[in-house]
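Please read the structure below before turning to the comments.
Values in this text are rule-based calculations from the coordinates and carry no lab data. Predicted, not measured: the structure shown is a model, and the values here were computed from it. A quick note on method: Cβ atoms are made from the backbone with ideal geometry, for glycine too, and the neighbour counts reach across all protein chains shown.
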Amino acid sequence: MSDCIFCKIIGGEIPSQVVYDDEDVFAFRDINAQAPLHVLIIPKAHIATINDLETNNADIIGKLYLVAKKIAADEGYTNKGYRVVMNCGEAAGQTVFHIHLHLLAGRPLDWPPG
Ligand code: DGP
């Protein structure tokens with residue numbers, strides 16, 4: 001989508017600190033990091049919110065989690081623990097309408113979140 005900032009990041013139009021890149025999935029460091037490790041993991045296909053998911057998106061959602069697991073391992077958090085979360089809609093804090101998993105680690109993470 002031409003007006004989506006995450007599509008522009010995938011395309012290199014907006015620079016980012018890339019952590020992972022394959023044919024389906026892209027991951028980069030959050031510009032407003034909320035923890036020592038804060039990476040956003042996104043599908044290359046534009047999907048606005050969880051509400052827009054279709055049955056044929058099941059594989060890509062699974063891939064986002066597998067990439068989260070790999071990055072957490074690469075950064076040394078497999079056993080220390082980490083959080084993976086996806087916000088849906090404005091009330092949940094979604095500000096960019098291209099689905100993304102937040103991968104957070106490196107500090108104690110409260111539950112429930114605010
Ligand atoms: P959410 O609130 O769940 O929609 O998360 C959106 C995240 O995207 C937020 O933590 C900040 C991050 N973000 C927004 N714009 C940019 C950008 O241009 N570059 C990077 N690296 N992150 C961005």
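In this structure, does ALA72 turn out to be surrounded by 15 or more Cβ atoms within 10 Å (Cβ to Cβ), small (Gly, Ala, Ser) and away from the ligand (no atom under 16 Å from the Cβ)? When the stated conditions are applied, ALA72 passes them.
Any chance the range 72-91 includes a residue that's under 12 Å from the mean Cα position of the chain (by Cα) and farther than 29 Å from ASP3 by Cβ? Yes - at least one qualifying residue is present in the range 72-91.
Please tell me if PRO36 is away from the ligand (no atom under 14 Å from the Cβ) and either touching a residue at least 60 places away in the same chain (Cβ under 8 Å) or among the small types (Gly, Ala, Ser) (or both). Judged against the criteria, PRO36 is a match. Restricting attention to the range 88-113, the residues being in contact (Cβ under 8 Å) with a residue 60 or more places away in the chain and touching a Lys or Arg at 6+ places or on another chain (Cβ under 9 Å) number 6. Annotation: of all residues in the range 79-103 being more than 10 Å from the ligand (Cβ to nearest atom) and among the aliphatic types (A, V, I, L, M), the one that is surrounded by the fewest Cβ atoms within 10 Å (Cβ to Cβ) is ALA91.
Return the residues of the range 36-65 that are of a type in the set (A, V, I, L, M) and out of contact with any His (no Cβ under 9 Å at 6 or more places or on another chain); say none if nothing qualifies. Within the range 36-65, LEU37, ALA45, ILE50, LEU53, ALA58, ILE60, ILE61 meet the criteria.
Residues in the range 49-87 that are of a type in the set (Lys, Arg), touching a residue at least 24 places away in the same chain (Cβ under 8 Å) and either under 18 Å from PHE26 (Cβ atoms) or in contact with a Lys or Arg (Cβ under 7 Å, 6 or more places away or on another chain) (or both): LYS63, LYS70.
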